[in-house]
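Okay, so here's the structure we're looking at.
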Amino acid sequence: MAKKVVKKQKTVKKPAISRKPAVQRVKPVAVKAKPAPEKGPVRQKGYSKGELEHFRKIIMEKRKEILEQLETLRATIMDSTTGEYTQENSAYSLHMEQGTDTMEREKTFLFASREGKFLNYLDDALKRIDKGDYGFCNDCGKLIEKERLEAVPHAQLCVDCKLKRGK
């Protein structure tokens, strides 16, 4: 039979534990939690119903002007008898005159497109009046100045935020 070899382990002395003074325990004090800050812009009280009607009137007047201008532009672009876009195909027309006519037609289309875009902005402003969002800055949430809304009734930014954007 084979003998088992048992190795002795060395014993290591542990250092003495120093005694520290006992720490006094303090009872936790209940602290009221602060309410979490609201996310997004803070809204203040908006314009009164009378003021909103004043802005609605301004928007409706501008909308009427735009519709009249669009009708005038449409009349210059369209042939009243056929209802199709007019084309200058006169046999006596010179090449340069045709180029000028084409350029004028393109300018008219550009104006019509621009007026249509402005009309959409005015319609969006009317929707915001109906929803109760009209007059508040989309960036900071502050009330847009009355003078600005009278000058630019479809404005969605206050002057400060508009200048920050640089547009």
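Can you find a residue in segment 43-58 that is among the β-branched types (Val, Ile, Thr) and at pLDDT 90 or above?
Checked segment 43-58: at least one residue is among the β-branched types (Val, Ile, Thr) and at pLDDT 90 or above.
Which condition does residue 153 not pass, out of (1) touching a residue at least 40 places away in the same chain (Cβ under 8 Å); (2) in a helix (DSSP H, G or I); (3) of a type outside the set (A, V, I, L, M), if it passes all the others?
(2)
Got a number for residues in segment 103-127 being free of Cβ contacts under 8 Å to residues at least 12 places away in the same chain and over 18 Å from residue 69 (Cβ atoms)?
Qualifying residue count, segment 103-127: 2.
The values are calculated or read from the model by the stated rules, or taken from the named source; none is laboratory data. Owing to the predicted nature of the structure, the values given are computational and were not obtained by experimental measurement. Methodologically, a virtual Cβ is constructed for each residue, glycine included, from the backbone with ideal geometry; neighbour enumeration extends over all protein chains shown.
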